[in-house]
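Note sheet for the following structure.
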Amino acid sequence: DCSAVDEQQRSMTTSSTCTLIKNVYSTILLIFSIVIITGLIFTEQTKLSKDVHPALAFFVLWGLVLWLGMVEGGQASLVGLAPIDFELYKE
């Protein structure tokens, strides 16, 4: 019985370690991408920043990123709610 508990704890530790590594790696890539794209916008090396003021292009970029985050968050909520029995919450 102890060996099963030890194995489960080891599995959880490995899983959380992998999750931590993936989260850190994703965050580093996100920061890198933001720095590169922001640099390109303010040096006017993108089509939008050539056509309009770079500050406007910057705010358009962030507006679209926030909108995409909300859309993706909503989609994740819908997927996460699928296994729930809605009959429990009907009145």
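Residue under question is residue 48, and the condition is that it be free of Cβ contacts under 8 Å to residues at least 12 places away in the same chain and out of contact with any Ser or Thr (no Cβ under 8 Å at 6 or more places or on another chain); does it hold? It is false that residue 48 is free of Cβ contacts under 8 Å to residues at least 12 places away in the same chain and out of contact with any Ser or Thr (no Cβ under 8 Å at 6 or more places or on another chain). In this structure, residue 58 does not qualify as open to solvent by 80 Å² or more (accessible area, probe 1.4 Å) and modelled with pLDDT of 90 or more. Report yes if residue 44 is at pLDDT below 90 and either open to solvent by less than 70 Å² (accessible area, probe 1.4 Å) or of a type outside the set (Ser, Thr, Tyr) (or both), otherwise no. No: the conditions fail for residue 44. Of all the listed residues (27, 14, 19), the sole one being out of contact with any strand residue (DSSP E or B) (no Cβ under 7 Å at 6 or more places or on another chain), modelled with pLDDT of 90 or more and either open to solvent by 100 Å² or more (accessible area, probe 1.4 Å) or not in a loop (DSSP other than H, G, I, E, B) (or both) is 27.
Residue 31 - would you say it is touching a residue at least 12 places away in the same chain (Cβ under 8 Å) and out of contact with any Lys or Arg (no Cβ under 9 Å at 6 or more places or on another chain)? Spelling it out, it is not the case that residue 31 is touching a residue at least 12 places away in the same chain (Cβ under 8 Å) and out of contact with any Lys or Arg (no Cβ under 9 Å at 6 or more places or on another chain).
The values are calculated or read from the model by the stated rules, or taken from the named source; none is laboratory data. The shown structure was predicted, so the numbers you read here are calculated from the model rather than taken from an experiment. Note: ideal-geometry Cβ built from the backbone for every residue, glycine included; neighbour counts use all protein chains shown. When the accessible area is computed, the model is the full protein with side chains, heavy atoms only, and any ligands, DNA or RNA have been set aside. Shrake-Rupley method; radii C 1.70, N 1.55, O 1.52, S 1.80 Å.
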